[in-house]
1. Residues in region 137-163 near a label at residue 283, defined as backbone nitrogen under 20 Å from the 7 Å Cα→Cβ point?
2. Would you mind checking region 195-222 for residues with the amide N under 14 Å from a putative spin-label position 7 Å along Cα→C-beta of residue 130?
3. Sort 126, 223 by accessible area with a 1.4 Å probe, largest first.
4. Can you give the net charge of the other residues whose Cβ lies under 12 Å from the Cβ of residue 81, counting K and R as +1 and D and E as -1?
5. Can you give the FRET efficiency to the nearest 0.05 for residue 245 and residue 48, using r as the Cβ-Cβ distance and R₀ = 51 Å?
6. Treating only the Cβ atoms of Lys and Arg (+1) and Asp and Glu (-1) as charged, compute the dipole magnitude of region 159-229 about its Cα centre; round to the nearest 20 debye.
7. Leaving ligands, DNA and RNA out of it, report the carbon-plus-sulfur percent of the accessible area of region 128-234 at a 1.4 Å probe.
8. Given 164/272; 143/165; 196/286; 79/196; 178/201; 134/196, which pairs have Cα atoms separated by over 23 Å?
Amino acid sequence: MIKLLITTTLVIAISHAQFEEYKSTPVKAYPSNICANVYENKPKITVRPDPSYTFRLGRPAKIVCAASGMPTPYVYWIKGKKDLTNKEERIRVTAVGEAVLFFDRLTANDVDMYTCVVEDCCRGSIQRIETEIKVDNAHTCNKRDPPYGFFVVVWEFTPWWSAKKWCEDKNMQLAVPKNEKENKDLHTRIVESQGKDPNGKKFAHHNMVWMGMSDSRLEGGFIDVYTHRTLSYRNWMSKQPDNWTKYDKVGQDVVAMDRITGQWDDSYGFWKRPFACYCPPRWQRKN
């Protein structure tokens, strides 16, 4: 394989035959005599990237995207997604038929949204396949961790029920602030975590983080889903809770925190959001 260097860690790889075609082919358009003989079908995606990949920082990472057609389509990658990460840029090399996104040592800066673009310059058609690079979530809650209780924020798009199960599988619970101090501590943790966690950058335009409160049993009767007791502390946003029924006639029955203000929002559990877990003090942990 010939590797075309993009940065110190990121390369696009194409075959020797593709490289010869790449060298002799204009980037913006195929010669008119080639376009005159194209078939009606658009390029076929032969290797489609998965929706997401989980890698480890400091280790190699590789994602392949390929397509076939007559003539062979251009394939290139875009890093970032404007409405999620505030930044979007095209990786400058354009390959023919296949582009391999390769990192010899994955860094925090490489953890991002990526789009494989398949471009048919004869027909002017473009196909986009989005994928996400994530890093392993190393959060733990065991007796080897600090003795005091602490919050953990997980930056993954997750429905409320799956977030609850994730926390419980890690010997934690969805976070439930019991007073103003705990609410402030959780809000501070969310803000700090988004800046430090490599996965956090993808939530630049996403404000809500799941917590462990619900009124699914009695409308308006919000409880801690673990103690089943009515909440003694609340920090609702203006006009909340509202039990909005636009997207579900049953209404909204779980709670999320606004990462900007630390206030609470009545929400639909099927929406996918990051979430906050609570690891209890050491004497309450199972292992």
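The values are calculated or read from the model by the stated rules, or taken from the named source; none is laboratory data. Just so it is clear, the structure is predicted and the values come from calculations on it, not from any experiment. As a convention, Cβ positions derive from the backbone with ideal geometry for all residues, glycine included, and neighbour counts pool all protein chains shown. Just so you know, the surface numbers come from the protein's heavy atoms only, side chains and all, with ligands and any DNA or RNA stripped out. Shrake-Rupley method; radii C 1.70, N 1.55, O 1.52, S 1.80 Å.
1. From region 137-163, the list is 141-151.
2. Correct set: 202-206.
3. Largest accessible area first, the list is 126, 223.
4. Every neighbour counted, the sum reads 0.
5. On the way: r = 37 Å, r/R0 = 0.73.
Once rounded, the FRET efficiency stands at 0.85.
6. Computed about the Cα centre, the dipole is about 180 debye.
7. Here carbon and sulfur together make up 48 percent of the probe-accessible area.
8. On the way: 164/272 12 Å; 143/165 20 Å; 196/286 28 Å; 79/196 20 Å; 178/201 29 Å; 134/196 14 Å.
Violating the 23 Å limit, Cα to Cα: 196/286; 178/201.
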